[in-house]
Amino acid sequence: MDDDKERFLKEFGEHYGYPNSPKNIDQIRSSEFKRLEELVYLDHAGATLYSESQMEMILKDFTTNVYGNPHSQSDTSSSTSDLVRSARQQVLEYCNASPKDYKCIFTSGATAALKLVGEAFPWSKESCFMYTMENHNSVLGIREYALAKGAAALAVDVEEIENQNGHPRNDLSSLKLSQRSAQRRSRTEILEDIPTANSLGSAYNLFAFPSECNFSGMKFSLDLVKLMKENSERALEGSPYSSGQWMVLIDAAKGCATQPPDLARFPADFVAISFYKIFGYPTGLGALVVRTDAAKLLKKTYFSGGTVAASIADIDFVSRREGIEESFENGTISFLSLASLHHGFRIINNLTLNAIDRHTSCLMSYIRKKLSALRHGNGAVVCTLYGDLTKMSSREWGPTISFNFRRPDGSWHGYREVEKLASLSGIQLRTGCFCNPGACAKYLGLSHKDLLSNFEAGHVCWDDNDILNGKPVGAVRISFGYMSSFEDAKKFISFVVNSFVPLPNLAGKGYLSSGKSTPFSSKDVHLKAITVYPIKSCAGFSVDSWPLSSTGLQHDREWLLRSAGGEILTQKKVPEMCLINTFVDLAQGILYVESPRCNIKLQINLDPALSGGVKGEMDLQSQSVMAKK
Ligand SMILES: *Cc1c(COP(=O)(O)O)cnc(C)c1O
C-alpha cells in the first residue's frame, strides 16, 4: 500500500470502503464495475453507474416473468400492479414517509416531477414562488407558471447564523432568508398593485430549494421546511407574503443519492427524485413524493388514458379518477422500469445509506483538503474552490465539488481545457454551469451585466467559450458515487498536479515545438505532431511549431460554418466538410480556405481591424456562410 493511502486510511479508515459489508469497496469494484478499470468516473452528480449484478438480476427477472400492462385485468397485469404498489412503498420508505401522509407519483424524471408541481400548483395573483439562488433550471422553470398566473417570483439566499462556537444553533432562529430580487411579469403593474398582507393570507405560496446543491455540493438545512411551514412570519419579516400559506418543495434529485430527506422529521409538501442519480438504472424514471393534503390542492388541466374515470368524446364532459397517483400519472407508467427499481434499492439498502454517505464524504474531505493545499512555485493558489469555505466546518457537504484552476500569474485555465486534458488522462468529469445558473453566477461572481454581455457575446450553455473578459463563466465539477474509491480520488489529484502545477522552470507561455520534450508531467512524453484546425470540422494543417494563445494553439477552432439558415454545421451533419482545406499564413495574417468542390479560394484577414471579413463566398451544399465564433 502506498503512503498516501496509508495516511488516508489512518484518518478515515473506519468510514471508508464499507468494512462491515459482505463486499468491501475493492471487492465491489473488481466484481461489479470491471468496466471502470481504465476510466476514472467522477460525474456521479450527472449520473451514477449501475452495477453488473444489478443488470444481471434485472435481465433474469425480465426473462423469467411476464409483465402485462397494469391497467389491464389479467393475471400478468395484477402481478404488475402488485409490483407498482411495492415500488411506491419502497420510494416512500426511502424518504421515511408514512403512506398515511404521503403518496408516490411516478414521473419520467425529477424534471417532470418539478414541472408537475409548477403546472398544477394553485397559483393566484396573490401567490409567491420563492426559491433559493442555488437551484437547477428545472426548478427555476416553475417560475414561468407562477409569473403567467400573475404571481410574484422571489429569489433568496439562505444564511445560517452561527453561535459563538462557530456551529449553527440547531434551531430555526439560526436560519435567515435574504431577498435577492423580486419579479413580476406584467409591466403595467406598479408597486401599489402588489397585494397587501390582508389579501395574501389565503393565497398559496411555494418555496423551493435543493437538498444538495448540484454545483457546490452544499447541503441545505431541512429545517427550512419547518421554518416556512410553521414560522413564515419570522422568516419573511416585513414581506407582504409572510402571512400566507407556504408549501415547500425539495429538489432531492442530487441529494437523494446519499441522503434522502427524512419526511417524518421534515414534512415537506413535495419532493422530486430521480432514480438514475441513486443507482444508475433506469433512466427516464423519477418520482414526486407528495403530502396527501398538498396533492389535493393541485389542479390538473390535462386528462388522459390512466387518469380519467369517464369522458365523452363529443361533449365537454370528463370525470377524473379519485386516487392521487392515478390522477397524475398520464398514460401507462413505465412499468418495466418500475420493475427494475427494487434491484437498485437492494444494493443501496444492503450497503446502507449511512455507510454510503460516510464513504463518499471521506473521499470528498480528502479531495477538498488536497485541492485547497495546492500551491504554485511562487506560492500562488492553484485551485479556487466554490462554496462558502469560511463556513465549511459548520455546513454539511455532499460528495460534489466545483472549482477552477489558475496559473502562477493568477490567470485562469478555461474549464474546457481541463475537461479535454482530463479526458486524455481517462478521467470523466463535468464542466460548465451544470444547469444551475444561480449557483454559477453567485460563486463565480458574475453580475447580471456579465451574464447578459456573455450571452450577447455568443456564450450559451454547452459551448466552448469558457473565459470571457478574463473571468471563467463556468467551473469544473467532480462528484463521487457509492462505488468511487480512494484510487479514483488519488488519480484525479495526480492528474491535477501533473497538468496544472508546472515545474517552475518550465512554466509560462511560449512556443510549442515538436520534437522536444514538453512541459508535461512525464519526461517520456514527446510531441509528435501539431495540427491546427482553424475552422471547426474542416481539415487542418500540420506545422513544426506554432504560437500559443490563452485557449491553446493560436487560431485553432476560431471559426465555424453556419448554414444560410443559421444552423451551425459540423462534420457529423455534413461529412463533406472534411474536404475543405485550411491554412493560416501567420506572416501575412491570412486564413486560406479552399475546397475541391469550389473554384473560389477564400482569404480571410486575421486582423479584425482589417477584416471586412470574408473575401468571396463558398457554396457548400446549401450556401453556407462563414462566421467568426
Ligand atoms: C439531475 C438533477 C435534476 C434533473 O433530474 P432529471 O431526472 O434528469 O430530470 C434536477 N435537479 C438536480 C439538483 C439535479 O441534480
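Taking region 317-411 as the region of interest, the strands (runs of 3 or more DSSP E) fully inside it that hold 1 or more residues being β-branched (Val, Ile, Thr) and under 25 Å from the mean Cα position of the chain (by Cα) are 383-386, 400-405. I'd like to check something: does region 111-125 contain any residue that is over 30 Å from residue 335 (Cβ atoms), of a type in the set (S, T, N, Q) and either more than 17 Å from the chain's Cα centre (by Cα) or in the same structural domain as residue 248 (by TED's automatic domain parsing) (or both)? Within region 111-125 (the criterion being over 30 Å from residue 335 (Cβ atoms), of a type in the set (S, T, N, Q) and either more than 17 Å from the chain's Cα centre (by Cα) or in the same structural domain as residue 248 (by TED's automatic domain parsing) (or both)), the answer is yes, since at least one residue qualifies. For region 126-152, taking the residues that are outside any helix (DSSP H, G or I) and of a type in the set (Phe, Trp, Tyr), the one that is farthest from the chain's Cα centre (by Cα) is identified as 129.
Any residue at all in region 358-365 that's open to solvent by 30 Å² or more (accessible area, probe 1.4 Å) and charged (D, E, K, R)? Yes, region 358-365 has at least one match.
Beta carbons closer than 6 Å, at least 6 apart along the sequence or on distinct chains, pair a first residue in region 87-114 that is within 16 Å of the ligand (Cβ to nearest atom) with a second that is at pLDDT below 95 and of a type in the set (Val, Ile, Thr) for 106/333. Checking each residue in region 435-457 for being in a helix (DSSP H, G or I), among the hydrophobic types (A, V, I, L, M, F, W, C) and open to solvent by less than 60 Å² (accessible area, probe 1.4 Å) picks out 439, 440, 441, 444. Selection of region 19-58 for residues being of a type in the set (A, V, I, L, M) and either within 16 Å of the ligand (Cβ to nearest atom) or open to solvent by 20 Å² or more (accessible area, probe 1.4 Å) (or both) yields 39, 42, 45, 47, 49, 55, 57. Pairs under 7 Å by beta carbon, first residue closer than 20 Å to residue 301 by Cβ and β-branched (Val, Ile, Thr) in region 327-343, partner part of a helix (DSSP H, G or I) and open to solvent by 20 Å² or more (accessible area, probe 1.4 Å), six or more apart or different chains? Pairs found: none. Checking every residue in region 315-324 against the condition of being at pLDDT 95 or above and exposed (fewer than 13 other Cβ atoms within 10 Å of the Cβ) gives zero matches.
Within region 170-195, residues that are assigned by TED's automatic domain parsing to the domain that holds residue 132 and among the polar types (S, T, N, Q) reach partners that are open to solvent by 50 Å² or more (accessible area, probe 1.4 Å) and modelled with pLDDT of 75 or more with beta carbons closer than 8 Å, at six or more positions or on different chains, in the pairs 173/234; 178/159; 183/143. With respect to residue 61, is the statement that it is among the acidic types (Asp, Glu), part of a helix (DSSP H, G or I), within 19 Å of residue 345 (Cβ to Cβ) and open to solvent by 30 Å² or more (accessible area, probe 1.4 Å) true? Spelling it out, it is not the case that residue 61 is among the acidic types (Asp, Glu), part of a helix (DSSP H, G or I), within 19 Å of residue 345 (Cβ to Cβ) and open to solvent by 30 Å² or more (accessible area, probe 1.4 Å). The residue pairs whose first member lies in region 417-437 and is closer than 14 Å to residue 477 by Cβ and more than 13 Å from the ligand (Cβ to nearest atom), whose second member is outside any loop (DSSP other than H, G, I, E, B) and among the polar types (S, T, N, Q), and whose beta carbons are closer than 7 Å, counting only pairs six or more residues apart or on different chains, are 418/431; 419/431.
Applying the selection to region 138-154, what residues are away from the ligand (no atom under 16 Å from the Cβ) and closer than 19 Å to residue 177 by Cα? If the condition is that a residue be away from the ligand (no atom under 16 Å from the Cβ) and closer than 19 Å to residue 177 by Cα, then 152, 153, 154 are the ones that fit.
Within region 420-434, can you find the residues that are surrounded by fewer than 18 Cβ atoms within 10 Å (Cβ to Cβ) and either of a type in the set (Phe, Trp, Tyr) or under 16 Å from the mean Cα position of the chain (by Cα) (or both)? The answer is 428, and nothing else. Every test in (1) at pLDDT 95 or above; (2) open to solvent by 30 Å² or more (accessible area, probe 1.4 Å); (3) within 30 Å of residue 64 (Cα to Cα) is passed by residue 344 save one, and that test is (2). Within region 12-29, the set of residues being part of a loop (DSSP other than H, G, I, E, B) and polar (S, T, N, Q) comprises 20, 21, 24. Of the residues making up region 526-565, those that are open to solvent by 30 Å² or more (accessible area, probe 1.4 Å), over 22 Å from residue 407 (Cβ atoms) and within 32 Å of the chain's Cα centre (by Cα) are 533, 536, 537, 562, 565. Give the residues of region 134-155 that are over 16 Å from residue 250 (Cα atoms) and in contact with a helix residue (DSSP H, G or I) (Cβ under 6 Å, 6 or more places away or on another chain), sorted by residue number. Of everything in region 134-155, those that are over 16 Å from residue 250 (Cα atoms) and in contact with a helix residue (DSSP H, G or I) (Cβ under 6 Å, 6 or more places away or on another chain) turn out to be 145, 153. All of (1) open to solvent by less than 20 Å² (accessible area, probe 1.4 Å); (2) out of contact with any Leu (no Cβ under 9 Å at 6 or more places or on another chain); (3) more than 13 Å from the ligand (Cβ to nearest atom) hold for residue 135 with one exception: (3). State yes or no: is residue 144 modelled with pLDDT of 95 or more and more than 30 Å from residue 480 (Cα to Cα)? Yes; evaluated as a whole, the condition is true for this residue.
The values are calculated or read from the model by the stated rules, or taken from the named source; none is laboratory data. Model, not experiment: these values are computed from the prediction. Heads up, the Cβs are rebuilt from the backbone with ideal geometry, glycines too, and the neighbour counts pull from every protein chain shown. Only protein heavy atoms, including side chains, enter the accessible area calculation; ligands, DNA and RNA are left aside. Shrake-Rupley method; radii C 1.70, N 1.55, O 1.52, S 1.80 Å.
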